[in-house]
Amino acid sequence: MEKFALSGYVEAIEPSTTFVIDAKVKELQKQGVKVYNFCLGEPDFTAPGNIKSAAIKAIVDNKTRYTQIRGVPELLEAICEKFKKDNNLFYNPKEIIVSNGAKQILYLAVRTICGVGDEVIVLAPYWVSYPTMPKLGGGAPVIVKTDNFRFSAKDVEKAITKKTKAIIINSPNNPTSIVWTRKELEELANLVLKYKILVISDEIYEKFLYSGAKHFSFASLDPKLKDYAITVNGVSKTYAMTGFRIGYCGAPDYIVEKMAELQSHVSSSICSISQVAAVEALLGEQESVQKMAAEFDARRRFV
Ligand SMILES: Cc1ncc(COP(=O)(O)O)c(C=O)c1O
């Protein structure tokens, strides 16, 4: 077959290692090999009943059409409520966008702020998709090593150049499980305010905290930081809703507006049924979240 030369951007990327390994594990399991799959960050629980019922009701109620690009108003309001309640963050609905999982939110954010030649700082070890995202827009990831999984503000500062647009942080962290302390986040905040760079804060694992660890949302540390932060979260991990594909962020409205324009050309709106389910997840009973976190804790101790 004759093959065409593809875009240099896509030729430069490799498939997400997470999914490559997961496919391999599933293949081995199919062959009857006993493999424990620690690969995807995917709870083995099913989505809670109240959330599934809300999704079924959404179909019966014919909530099956395109929605607003940024998300339905009820979900944007529910996300504002969640940020206020859990993170002490005061966003208004214009500062919120919903997408197909936190992954697409991260992609939209990076593509919106990072162009050709721009740099995005990523702390190693990192979640596999972070370095690829700037590359897809002709930008470059700048990897900063950590010491015993904890970063040093000095090393981050050394990596900042005139081209630095953003730093991606992830706490609680995948893959290390490290939770950043308030002091560490404050050190980063000082750099951000000094050099005027954006922070993309991926907080998707915020509910899985063990041994007394406490999660601080980066933007909540100081009212000034809201202008510098894109706070990313989603329902995949907290509510075992990976297949629903709902992620979201709070960010300055001019950034959200551009992310929405980008999304309008990529996927139009997000699944209408999943959005109804996500409202129930965020505003409904939260007991299932605690139960799941407690079970993970028991397994963690066992391992
Ligand atoms: C650190 C991190 N961020 C974001 C995501 C994306 O989650 P989703 O797109 O399912 O919301 C994952 C999923 O594995 C993750 O581990």
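The values are calculated or read from the model by the stated rules, or taken from the named source; none is laboratory data. Only a predicted model underlies this, so the values are computations on that prediction, with no experimental measurement involved. A quick note on method: Cβ atoms are made from the backbone with ideal geometry, for glycine too, and the neighbour counts reach across all protein chains shown.
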Item to complete: Output the number of the condition that K163 fails; it satisfies all remaining conditions of (1) farther than 21 Å from V20 by Cβ; (2) in contact (Cβ under 8 Å) with a residue 60 or more places away in the chain.
Response: (2)
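Yes/no per residue for (1) more than 15 Å from the chain's Cα centre (by Cα); (2) at pLDDT 95 or above:
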residue: N92; (1), (2): yes, yes
residue: I96; (1), (2): no, yes
residue: G101; (1), (2): no, yes
residue: I113; (1), (2): yes, yes
residue: D147; (1), (2): yes, no
residue: F151; (1), (2): yes, no
residue: K158; (1), (2): yes, yes
residue: N173; (1), (2): no, yes
Response to the item:
Taking region 13-66 and keeping residues small (G, A, S) and either at pLDDT 95 or above or part of a loop (DSSP other than H, G, I, E, B) (or both) leaves S16, G32, G41, A47, G49, S53, A54, A55, A58
Item to complete: Can you work out which of the residues in region 90-121 that are in contact with a Cys (Cβ under 9 Å, 6 or more places away or on another chain) and assigned to a loop (DSSP other than H, G, I, E, B) is nearest to the ligand (Cβ to nearest atom)?
Response: N100
Fill in: Selection count where residues are aliphatic (A, V, I, L, M) and either closer than 20 Å to Q104 by Cβ or part of a loop (DSSP other than H, G, I, E, B) (or both), scope region 122-166
6
Worksheet item: How many residues, within region 167-212, are within 16 Å of the ligand (Cβ to nearest atom) and part of a loop (DSSP other than H, G, I, E, B)?
Response: 17
Worksheet item: Filter region 218-256 for residues that are of a type in the set (S, T, Y) and either without any contact (Cβ under 8 Å) to a residue 40 or more places away in the chain or within 15 Å of the ligand (Cβ to nearest atom) (or both); which is nearest to I105 (Cα to Cα)?
Response: Y248
Item to complete: Please list, ordered by first then second residue, the pairs with beta carbon atoms under 7 Å, 6 or more apart or interchain, first in region 97-125 and closer than 15 Å to S267 by Cβ, second among the acidic types (D, E).
Response: A102/D202; L106/D202
Worksheet item: Can you name the condition, by its number, that S268 falls short on among (1) surrounded by fewer than 17 Cβ atoms within 10 Å (Cβ to Cβ); (2) part of a helix (DSSP H, G or I); (3) touching a residue at least 24 places away in the same chain (Cβ under 8 Å)?
Response: (2)
Fill in: Enumeration of residues in region 74-93 that are closer than 16 Å to A219 by Cβ and either of a type in the set (F, W, Y) or buried (at least 17 other Cβ atoms within 10 Å of the Cβ) (or both)
I79, C80, K82, F83, D86, N87, L89, F90, Y91
Response to the item:
Among (1) surrounded by 14 or more Cβ atoms within 10 Å (Cβ to Cβ); (2) more than 23 Å from D118 (Cβ to Cβ), A159 falls short only on (2)
